[in-house]
Amino acid sequence: MNSPGRRPPTSSNERPARAGSERPARPGASGQRPPRPQGDRAPHRTTRPVRQFGPGPDGLPQLVLTRRGVERWAAGHPWIYRVDLEGTPTLEGGEVVRVIDHRGWLLGKAFYSQTSKIALRALTLEDEPVDEEFFRRRLDQADALRRHTLPGEKSYRVVHAESDGIPGLIVDRYGEYLSVQFLIPATEKRKELFTRLLVEQFKPKGIMNRSDVGVRGLEQLPQEKGVLYGEVPPTVSYAEGLVNLHIDLLNGQKTGTFLDQRDNHVRAGHFAFGEALDCFSYLGGFALQMATRAKHVTAVEISEPAAEQIRGNVKLNGFQNVEVVAANAFDFLRDAVDEGKRFDTIVLDPPSFAKNKDAIEGAMRGYKEINLRAMQLLRPGGYLITASCTYHVDEARFEEMLESAAVDAKRRVQILERRGAGMDHPVLMRLRETRYLKCFVLRVL
Ligand code: SAH
């Protein structure tokens, strides 16, 4: 998790990286130093006319940051909001741009978005070319992490956007197949380039494009999905921990399924015993791992087609001890409490309850309700593996909710693990949005 007190890579009064040895590039630059900045007294948004800068020495458009924008950039924030740009750029969106301060000093390079509130997504702090070779190196760097930390694994997130230095690009690997999302104009425009690089690097049999995702709306990009390269069969199977799963890359959720929970699925398998319950099961990721240890598992999923897929995955692995219930988990938990049922291991992995800040309170009530009921349902010594993928609810807030649920349930609760997504979903320091998944392992006494 980002720690707010951490010293930024460059403090804001240090001079930002200069464009190699070259002078600030501006049209007709005479080679003289630009005027001195106005120092601390200058307002963050200047009232004097902003100097216009033409293209830089590499021909790329140059965008000027306000003082506050410069401070954010210097403090290592990889996103710059539109309000922190001087003037209104007349660009189309999707360009790589040079990011400069009002004197013309180069701060780095970024992807530009024309409609999103996030105008710039940092690519580099250096004056280096952002070309095919640049993205090849970033892909290779991303791949190196997975090969080192997940040797032998064939299913994992290959590229986690900003966290892997390629903003707006998600690539998931399911065995021989890749599933990708282009989230911003810059990656959408470079679809062919990324497809070519991914084929070169991973030699997949097929690549599915799953750019049918809400955030593209903020960029005025249409929803799109379909095969991008090679062939992708309607059902792809992949291994996770001790089980195999069938997924549908064209119609499954996200890029097919929730790879971010992979390590937690496996971990839940280690803890599982006795009578187990997996709520919000989707394709049974948690239920199947738990079935390898628990005596009996109940998987609860509201969507009938998803429940049918869980049944298929149960059969695929030859389990006899899994029951799939197509029901609302809120009702299931309430009824189970009323009927005096008991469990030894419970997983709660609901969908995001709060898509924005205004929805947080309602989300907290939802989390508390299911966690309270789960605590009531556990026999003493039982385990609760409880997750939240809502970015707007951070770990501290989630933990407070769990404390309050434990008090109301009148149970003594131990925190055994505070987990997140796996290492194939690295958290980028200074970009809290990349730390969205929380997963606590609790023991309820
Ligand atoms: N646990 C899964 C991912 C869960 S995603 C995994 O690890 O792979 C959330 C799932 O909850 C979706 O499949 C969605 O259909 C289901 N869902 C949403 N609301 C629900 C509800 N009220 N009761 C039960 N399932 C629900």
Rounded to the nearest 0.05, what FRET efficiency do GLN52 and GLU224 give with R0 = 56 Å and r taken as the Cβ-Cβ distance? Could you check?
-> 0.95
The FRET efficiency for HIS270 and VAL325, from their Cβ-Cβ distance with R0 = 25 Å and rounded to 0.05, is 0.55
Sites ILE415 and THR115 - FRET efficiency at Förster radius 30 Å, r taken between beta-carbons, to 0.05 | 0.10
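What order, most packed first, do the peptides 276-283, 89-96, 419-426 have when packing is the mean number of other Cβ atoms within 10 Å of each residue?
Working: 276-283: 27.4, 89-96: 15.9, 419-426: 20.8.
Ranking, from highest mean packing down: 276-283, 419-426, 89-96.
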Take the alpha-carbon centre of the range 158-214, take the same for the range 217-275, and report the distance between them in whole Å.
-> 15 Å
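When the Kirkwood radius is taken over all Cα pairs of the range 245-350, what Stokes-Einstein diffusion coefficient follows at 4 °C and 1.567 mPa s, in µm²/s?
Details: Rh = 13.6 Å.
In µm²/s, the coefficient rounds to 95.
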Could you give the angle, 0 to 90 degrees to the nearest 10, between helix 304-316's Cα long axis and the longest principal axis of the Cα atoms of the chain?
-> 70 degrees
The chain: most fluctuating residue of ARG435, ARG103, ARG173 per GNM, C-alpha cutoff 10 Å | ARG103
Rounded to the nearest 500 deg cm²/dmol, what is the calculated helix-only ellipticity per residue at 222 nm for the chain, with -39500 (n - 2.57) per DSSP H run of length n ≥ 4?
-> -8000 deg cm²/dmol
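If each residue of separation counts as 0.36 nm, what is the full-extension length gain between ASP358 and GLN253 once their alpha-carbon separation is subtracted? Walk me through the intermediate numbers first.
On the way: separation 105, 0.36 × 105 = 37.80 nm, distance 2.47 nm.
Fully extending the segment from ASP358 to GLN253 adds 35.3 nm.
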The base-10 log of I(q)/I(0) that the Debye equation returns for the chain at q = 0.10 Å⁻¹, one scatterer per C-alpha, is -0.78
Report, in whole Å, the centroid distance computed from the Cα atoms of the range 417-445 and the range 305-331.
-> 26 Å
Which whole-number percent is the relative contact order of the chain (Cα, under 8 Å, 6+ apart)?
-> 10 percent
Of the residues ARG397, ARG342, ARG262, which exhibits the maximal mean-square fluctuation in a Gaussian network model of the chain defined by a 10 Å Cα contact cut-off?
-> ARG397
Multiply the residue separation of THR90 and THR149 by 0.36 nm, subtract the distance between their alpha-carbon atoms, and state the gained length in nm to one decimal.
-> 16.9 nm
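If we sort 387-396, 326-335 on the protection proxy, mean other Cβ atoms within 10 Å, highest first, what's the order? Mind showing how you got there, number by number?
Working: 387-396: 19.3, 326-335: 16.6.
Peptide ranking by packing, descending: 387-396, 326-335.
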Crossing angle, helix 329-338 versus the chain [Cα axis fit, 0-90 degrees, rounded to tens] = 40 degrees
If one compares the long axis through the Cα atoms of helix 132-149 with the longest principal axis of the Cα atoms of the chain, the angle in degrees, nearest 10, works out at 30 degrees
Full extension from MET423 to GLU399: what is 0.36 nm times the residue separation minus their Cα-Cα distance, to one decimal in nm?
-> 6.4 nm
Across VAL427, VAL243, VAL158, the residue with the highest GNM fluctuation in the chain (Cα network, 10 Å cutoff) is VAL243
Descending semi-axes in Å of the range 257-444, equivalent ellipsoid built from Cα gyration tensor = 24, 20, 16
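Report the far tail of the P(r) of the range 58-159, meaning the percent of Cα-Cα pairs longer than 20 Å.
So the pairs more than 20 Å apart make up 44 percent of the total in the range 58-159.
Each reported figure results from applying straightforward, stated rules to the coordinates on display, with no laboratory input. Computed from a predicted structure; not experimentally measured. Cβ: placed from backbone, ideal geometry, glycine included. Neighbour counts: every protein chain shown.
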